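Student: Structure below; questions to follow.
The values are calculated or read from the model by the stated rules, or taken from the named source; none is laboratory data. Quantities reported herein were computed from a predicted structural model and do not represent experimental measurements. So basically every Cβ, Gly included, is an ideal-geometry build from the backbone, and we count neighbours across all protein chains shown.
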Amino acid sequence: MPEPHLLPERRPSLRNGGDLAAAGLIPPERAAAIDAVALRYSMAITPILAGLIDPNDPNDPIARQFIPDPAELENAPDECDDPIGDISHSPLKGVIHRYPDRLLLTPVLRCPLYCRFCFRRGWTGEADGALSDAEMEAALDYVRSHNEIWEVILSGGDPLMLPPSRLKALIGALNAIPHVAVIRIHSRIPIGDPGRVGPALIDALTGDTALWLALHCNHPRELGPDAAAACRRLSAAGIPLLGQTVLLGGVNDDEEVMEALFRAMVKNRIKPYYLHHLDAAPGTRRFHVPLARGQAIMRHLRGRVSGLCPPTYVLDIPGGHGKVPIGPAYLEEGFVQDWQGHNHKAPD
C-alpha cells in the first residue's frame, strides 16, 4: 500500500466559469453563460480531469462531459426531473427500493465532479446533501427489517465523498446485517479524483461482506496514470472492480472509442458491467444516441474484443420499471448470426 505522500496531489476542483477561464479551458467571454447554468445544476471538475481537456478541440469528449452548456437549460418534451422513478420508489429519505432483493442507499448527494448528463443532477450538489445520523439509522433500520434484501447498493452523489471514518461505520453496520450478502458501491472517485484512494479509504472498504466497486468511466482518456494507479491499489486490496459507462453523443458513440475504453478497463482489472442508454434527464438532448446506434456499437464489439470486454447494454425503462438488456439479437427465425454478420442454421 503506498504511503499517503506518494499519492497524486489533490487540488481544489474548478467550480465556476471564472475558474475555467483562469485555467485556459474556455475563453473569458463564455464564463457568464457557464455560471448561469451552474446556478441551476451544480458544477465541479477535478484537476485530474480538467488536465485531460484539450482547449483547442471544440469537440473534446472530456470537456463535453463536464463543462456546462447553455443547452442544459432547454428541456425536450420527453425529458423529466425523475426519469427512472427514484422518487416513486423511495419509502424514506436516502432509500430507493425498486427491486425485491436489492435497494439503493444514497448517504450523500455530493460529488467530486458533476456530469452534465446525470439523471440526478437536479438534486445533487446540495450543501446539506448528506444523511443525518438519525436519517442514516432510519435507512439502516429499513434494511434490517426487510429480510429479502440481499444486496445494498451505495450510490448518490458519490458515497466515497464520505469521510473514511463515516464510510467505515456505514459499511460496518451493513456487515452486521445477516441477510445482506453483497455491498456494491458506485463511484467516480477512483477515475476522477484518484488522490482520495489512500489507505484510510481502502481500509473503510474492507469487511466480511462481499464488496464490489463499480467505477463510472466514459472515455479511454479518463483512465490516465493516476486513475490506473488508484485501480491497482483497490485491486491489490482485494476489491473487485466493475465498469459503468453511459452511451453519450459526441463522447463515445463510436466503435473505436468504445473498443479502446473497454480494453483499457479490462487492462486495469475493471470488468465492464453496464453500458447505459442515456436517461432522459432535463437538458440532456445533446447527448442522445438512438437505440439502433448503441446496438450497432455492441454488435461491432462481438468477436473483435475479448469476451471480458463487452458490457451489457441496458435501458432503464422510463417511469421506474427497471433495467432491461437491449443489445442486438443474434437468433431469429431459425438462424443464428455470427460476429461477422453471416447467418447459420440454428440448432433445434
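Student: Quickly run through the range 140-168 and pick out the residues that are small (Gly, Ala, Ser) and either more than 20 Å from TRP212 (Cβ to Cβ) or in a loop (DSSP other than H, G, I, E, B) (or both). Let's see the steps before the verdict.
Tutor: First, the residues of the range 140-168 that are small (Gly, Ala, Ser): 145, 155-157, 165.
Matches in the range 140-168: SER145, GLY157, SER165.
Student: Write out, first by first residue and then by second, each pair whose Cβ atoms fall under 7 Å of each other, whose residues are 6+ apart or on separate chains, and whose first residue, in the range 267-293, is polar (S, T, N, Q) while the second is outside any strand (DSSP E or B).
Tutor: Every condition considered, the pairs that remain are ASN268/LEU223; ASN268/ALA228; ASN268/CYS231; THR284/GLU79; THR284/PHE117; THR284/LEU278.
Student: Still on this structure, please answer the following. Within the bounds of the range 41-49, is there any residue that is more than 30 Å from ALA134 (Cβ to Cβ), surrounded by fewer than 16 Cβ atoms within 10 Å (Cβ to Cβ) and out of contact with any Cys (no Cβ under 9 Å at 6 or more places or on another chain)? Before the answer, list the steps.
Tutor: If we filter the range 41-49 for residues that are more than 30 Å from ALA134 (Cβ to Cβ), which is where we start, we get 43, 45-49.
Filter once more, so that each one left must be surrounded by fewer than 16 Cβ atoms within 10 Å (Cβ to Cβ): none.
Looking through the range 41-49, none of the residues is more than 30 Å from ALA134 (Cβ to Cβ), surrounded by fewer than 16 Cβ atoms within 10 Å (Cβ to Cβ) and out of contact with any Cys (no Cβ under 9 Å at 6 or more places or on another chain).
Student: Any residue at all in the range 333-348 that's under 30 Å from GLU72 (Cβ atoms) and either free of Cβ contacts under 8 Å to residues at least 12 places away in the same chain or not charged (D, E, K, R) (or both)? Spell out how you get there, then give the answer.
Tutor: Kept after step one, since they are under 30 Å from GLU72 (Cβ atoms), are these residues of the range 333-348: none.
Looking for residues that are under 30 Å from GLU72 (Cβ atoms) and either free of Cβ contacts under 8 Å to residues at least 12 places away in the same chain or not charged (D, E, K, R) (or both), one finds none in the range 333-348, hence no.
Student: Among the residues of the range 203-220, write down those that are within 19 Å of the chain's Cα centre (by Cα) and surrounded by fewer than 19 Cβ atoms within 10 Å (Cβ to Cβ). Step through it out loud before you land on a result.
Tutor: Pass one, the range 203-220, residues within 19 Å of the chain's Cα centre (by Cα): 205, 211-220.
Passing the criteria: only TRP212.
Student: Taking the range 239-265, which residues are under 17 Å from SER187 (Cβ atoms) and either of a type in the set (A, V, I, L, M) or surrounded by fewer than 17 Cβ atoms within 10 Å (Cβ to Cβ) (or both)? Walk me through it before giving the result.
Tutor: Within the range 239-265, the subset under 17 Å from SER187 (Cβ atoms) is 239-246, 265.
Within the range 239-265, ILE239, PRO240, LEU241, LEU242, VAL246, MET265 qualify.
Student: Of all residues in the range 293-348, which are under 21 Å from ALA214 (Cα atoms), of a type in the set (Ser, Thr, Tyr) and out of contact with any Pro (no Cβ under 9 Å at 6 or more places or on another chain)?
Tutor: If the condition is that a residue be under 21 Å from ALA214 (Cα atoms), of a type in the set (Ser, Thr, Tyr) and out of contact with any Pro (no Cβ under 9 Å at 6 or more places or on another chain), then SER306 is the only one that fits.
Student: Please specify each residue of the range 330-348 satisfying the condition of being under 30 Å from ARG102 (Cβ atoms) and surrounded by fewer than 10 Cβ atoms within 10 Å (Cβ to Cβ). Steps first, please.
Tutor: Step one: of the range 330-348, the residues under 30 Å from ARG102 (Cβ atoms) are 330-331.
Across the range 330-348, the qualifying residue is only LEU331.
Student: Can you name every residue in the range 313-329 that is modelled with pLDDT of 95 or more and loosely packed, with under 15 Cβ neighbours inside 10 Å?
Tutor: Of everything in the range 313-329, those that are modelled with pLDDT of 95 or more and loosely packed, with under 15 Cβ neighbours inside 10 Å turn out to be VAL324, PRO325.
Student: Something else about it: What residue, of ILE189, ILE149, ILE171, is among the hydrophobic types (A, V, I, L, M, F, W, C), within 18 Å of PHE66 (Cα to Cα) and buried (at least 16 other Cβ atoms within 10 Å of the Cβ)?
Tutor: On the way: ILE149 fails: within 18 Å of PHE66 (Cα to Cα); ILE171 fails: within 18 Å of PHE66 (Cα to Cα).
Exactly one of ILE189, ILE149, ILE171 is among the hydrophobic types (A, V, I, L, M, F, W, C), within 18 Å of PHE66 (Cα to Cα) and buried (at least 16 other Cβ atoms within 10 Å of the Cβ), namely ILE189.
Student: Also, I was wondering about something else. List every residue pair whose Cβ atoms lie under 6 Å apart, where the two residues are 6 or more positions apart in sequence or sit on different chains, the first residue falls within the range 57-71 and is more than 17 Å from ASP193 (Cα to Cα), and the second residue, located anywhere, is not hydrophobic (A, V, I, L, M, F, W, C).
Tutor: From the range 57-71, the pairs are ASP60/ASP54; PRO61/HIS219; ARG64/GLY250; ALA71/ARG286.
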